[in-house]
Structure formats: structure tokens, C-alpha cells
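Some notes on the structure that comes next.
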Amino acid sequence: MAESTELFSQLVVFLLFVSFLQFVAGLVLAQIFGKAVSRVDKWVLVWLFYDAIVHFTFEGPFVYFSLVGTVAKSDSLLTEVWKEYGKADSRWLHSDPTIVSLEILTVVLDGLLCLVAVYAICKDKHYRHFVQITLCVCELYGGWMTFCPEWLTGSPSLDTSNFLYLWIYLVFFNGLWVVVPGLLMLQSWGELRDLHRAQKTNKRK
């Protein structure tokens, strides 16, 4: 019990609450901007808004402080989330070049693709699924390159010794960016398949 209390400190509870508020913000924004879209696409908007918020508000500061120094040496409140996450994966504390390179791509490219995808869904643009698939591939590639090099070297930077670090920090928060992009790619595949079938049907008439 004492170990559990120590792990779930006030800072941890606060940071988890902030993550929840980010999701709520995505939910609210989807309701505001997605009034004309289907129920499924409204949930897609929730994810895209949440995704963009995380990229810009969490990962953006990480990139900045990693380029001008390291998270571990920074006194900024904006690095507290990464100092905490760094207890599970120490690469985030010391400006690991692979991690920083991936995060630059994530913040700049993925963040912008999220916003383009939101616009494409709300305005029913023809390029919606091209953007959605591109974003999902980027997210999945980022996840693979974040962990595969670490696994191949025996995971020296990962601490999986307790529930919080393993199942919440490493599995849950990283798993979201595997499961949801995978589901969105399936949605795009289904939509493009149906469009192709409809075009073939029209040609036969």
C-alpha cells in the first residue's frame, strides 16, 4: 500500500487529470466543429483533436527543451510530465537522438496532419482518407521506431518494475497510438473499398 501511495503521488494524479482534460477538450471541440458529420466521424474528430492537443502541448515542449538542453536539467513546469514519464523510459530525460528526431516529426508533421484531417472531415473533402491513412502510418511508424531499437538492445532504458510504469505509462499511453490509428486505417480501407465498388457498379450501368 505504501509503495502504491508513493507511486501515485499528487504530481502523478495531477498529470493524469491533465491528460483526461485533454480528452475532454477533444470531445468538446468535436461537438462544436463536427455538428454535420456522422456519429462515427464525430468520434474520429474527438481522437484527432485529442491527438493534436497532445502533440502540441506535451510533445512540443519536449522537443524544445530537448533541443536547447535536456528534460532532466530543465526547471520548467512544462517538462514535469516528461520527468515523470522518464521514470519508465529514461531516454526522454537525456535528449536521446532517436526519440528527439521522432518527436520533431510527430509534432510538426503529425500535428499538422491532425488539423488537416479535421478540416477534411468537417468539410467532406475528397482527400480525407489519404490524409487519415498518412497520419496513421506516421503514428504507427513512430511507435515502432520508439520501441523496436530499445527492444533489440535489451530494453536498458525501460523500467517495468511496477504497475504504473509498465501498464499506464508504457502500455496504455503508447498503446493508444497503436490501437486507434489501426482502427482508423481499417475505417479508411472500408470507405475506399466501398467507393471502388460503387464506381465499378456505375460503370456497368
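For this structure, a couple of remarks:
- Computed on the Cα trace of the range 126-180, the radius of gyration divided by the Kirkwood hydrodynamic radius gives Rg/Rh = 1.11.
- Panel values: the range 91-132, Kirkwood radius from alpha carbon pairs, Stokes-Einstein at 10 °C and 1.306 mPa s, translational diffusion coefficient 137 µm²/s.
- Across the range 8-91, counting alpha-carbon atoms alone, Rg and Dmax equal 15.4, 47 Å.
- Sorted largest first by accessible area at a 1.4 angstrom probe radius, with every protein chain in place, the residues E80, E139 fall in the order E80, E139.
- Modelled label positions at K203 and V18, each set 7 Å beyond Cα in the direction of Cβ, lie 5.3 nm from each other.
- Dipole magnitude (debye, nearest 20) for the range 19-103, charges at Cβ of Lys, Arg, Asp, Glu: 260 debye
- Whole-Hz couplings from phi, Karplus 6.51/-1.76/1.60, listed for the range 31-37; x for Gly and Pro: 5, 6, 9, x, 4, 9, 9
- Among V179, V116, L166 - extreme Cα towards positive end, dipole of the range 102-187, charges at beta-carbon: V116
- Convex hull volume per residue in cubic angstrom - Cα atoms of the chain: 139 Å³
- Only Lys, Arg, Asp and Glu carry charge here, each on its Cβ (+1 for the first two, -1 for the last two); on that basis the chain has a dipole of about 1540 debye about its Cα centre.
- For the chain, modelled as a GNM whose springs connect Cα atoms under 10 angstrom apart, the maximal fluctuation among E84, E191, E59 occurs at E191.
- Here the range 149-177 and the range 1-63 have alpha carbon centers that stand 20 Å from each other.
- Distance in nm between pseudo-label sites at A25 and L105 (7 Å out along the Cβ direction from Cα): 2.6 nm
- Gyration tensor over the Cα atoms of the range 108-205: the corresponding equivalent ellipsoid has semi-axes (square roots of 5 times the eigenvalues, largest first) of 36, 15, 12 Å.
- Given their separation in residues at 0.36 nm each and the Cα-Cα distance between them, L192 and F130 gain 21.3 nm when the chain is fully extended.
- For the range 71-146, pairs of C-alpha atoms spaced more than 22 angstrom apart make up 39 percent of the total.
- A simple rule links phi to the HN-Hα coupling: the Karplus curve 6.51 cos²θ - 1.76 cosθ + 1.60 with θ = phi - 60°, which for the range 139-156 gives 5, 5, 5, x, x, 4, 6, 6, 9, 4, x, 5, 5, 5, 9, x, 6, x Hz, with x for Gly and Pro.
- Debye-sum result for the range 37-83 in log10 I(q)/I(0), which assumes one identical scatterer on each alpha carbon, at q = 0.16 Å⁻¹: -0.51
- Cα-centre dipole for the range 37-156 with unit charges at Cβ (Lys and Arg positive, Asp and Glu negative), debye to 20: 340 debye
- Where labels lie 7 Å past Cα in the beta-carbon direction, separation of L78 and T160 in nm: 3.3 nm
- Backbone HN-Hα couplings from phi across the range 60-72 [Karplus 6.51/-1.76/1.60, Hz, Gly and Pro as x]: x, x, 4, 4, 4, 6, 6, 7, 9, x, 9, 4, 4
The values are calculated or read from the model by the stated rules, or taken from the named source; none is laboratory data. On a predicted model such as this, the values are computed, not experimentally measured, just so you know. Neighbour counts run over all protein chains shown; Cβ positions are idealised from the backbone, glycine included. Side chains are part of the model used for accessible areas, which takes the heavy atoms of the whole protein and leaves out ligands, DNA and RNA. Shrake-Rupley method; radii C 1.70, N 1.55, O 1.52, S 1.80 Å.
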